[in-house]
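Down below is the structure, laid out as structure tokens.
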Amino acid sequence: MEERLYDLIFICLPTTPEEEVAKIIATLEQVIAERGGKVEKIDKWGIRKMSYQVAKQREGYYVYMSVRGAQPDLIKELERRLKVSDAVIKYMTVRLDEEIKRQQKLVGRRERRARQRPRKTAAAPSPAPTPTPGPASEPAAAAS
């Protein structure tokens, strides 16, 4: 089965101690390892202001994880664990490999079209016409 790449971001209550956030991360890492996945990257973004209230909170402790896994039930289990955790107020998982595949497909199409289009040969530029002086205007003599 093909490995998939996911971005997982979750937000904890701002009052959550650092040790509890580390415990949640360790639990998620353990689940990922049990299911044959791999954690690519973990970033603790810290406490940030949210654009709208979530669970009557204006701030939250953000954690970002990049996960690679082949089993489809891996993400279901991660989201289940995040859902039952009291400290987590919001989470979001995004599958990235589909987006990367789509972008590569579009680039391939563009390249095929570019190869099929007839090339326009650059014609030698014709010299610009030089302005020819017109009949000299003679000053009109004023009649007295």
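The values are calculated or read from the model by the stated rules, or taken from the named source; none is laboratory data. Fair warning: this is a prediction, and the values are worked out from it, not measured in the lab. Neighbour counts are summed over all protein chains in view; Cβ atoms, including those assigned to glycine, are modelled from backbone coordinates with ideal geometry. Side chains included, ligands, DNA and RNA excluded: accessible areas come from the protein's heavy atoms. Shrake-Rupley method; radii C 1.70, N 1.55, O 1.52, S 1.80 Å.
Taken residue by residue, segment 107-117 has no member that is of a type in the set (S, T, N, Q), open to solvent by 20 Å² or more (accessible area, probe 1.4 Å) and at pLDDT 90 or above.
Checking the conditions here, which among ARG102, ARG81, ARG58 is open to solvent by 90 Å² or more (accessible area, probe 1.4 Å), modelled with pLDDT of 90 or more and not β-branched (Val, Ile, Thr)?
Numbers: ARG102 fails: modelled with pLDDT of 90 or more; ARG81 fails: open to solvent by 90 Å² or more (accessible area, probe 1.4 Å).
Selected residue: ARG58, the only one of ARG102, ARG81, ARG58 that is open to solvent by 90 Å² or more (accessible area, probe 1.4 Å), modelled with pLDDT of 90 or more and not β-branched (Val, Ile, Thr).
Residue count for segment 84-99 satisfying the condition of being modelled with pLDDT of 90 or more and either open to solvent by 90 Å² or more (accessible area, probe 1.4 Å) or among the aliphatic types (A, V, I, L, M) (or both): 7.
Quick one: count up the residues across segment 36-46 that are open to solvent by 70 Å² or more (accessible area, probe 1.4 Å) and of a type outside the set (Asp, Glu). First the steps, then the outcome.
Taking segment 36-46 first, the residues open to solvent by 70 Å² or more (accessible area, probe 1.4 Å) are 38, 40-41, 44-45.
Filter once more, so that each one left must be of a type outside the set (Asp, Glu): 38, 41, 44-45.
Of the residues in that region, 4 qualify.
Sub-7 Å Cβ pairs linking a first residue in segment 40-55 that is farther than 23 Å from VAL67 by Cβ to a second residue that is open to solvent by less than 70 Å² (accessible area, probe 1.4 Å) and at pLDDT below 90, at least 6 apart or interchain, number zero. Within segment 7-35, being exposed (fewer than 13 other Cβ atoms within 10 Å of the Cβ) and either of a type in the set (A, V, I, L, M, F, W, C) or in contact (Cβ under 8 Å) with a residue 12 or more places away in the chain (or both) holds for ALA22, ALA26, ALA33.
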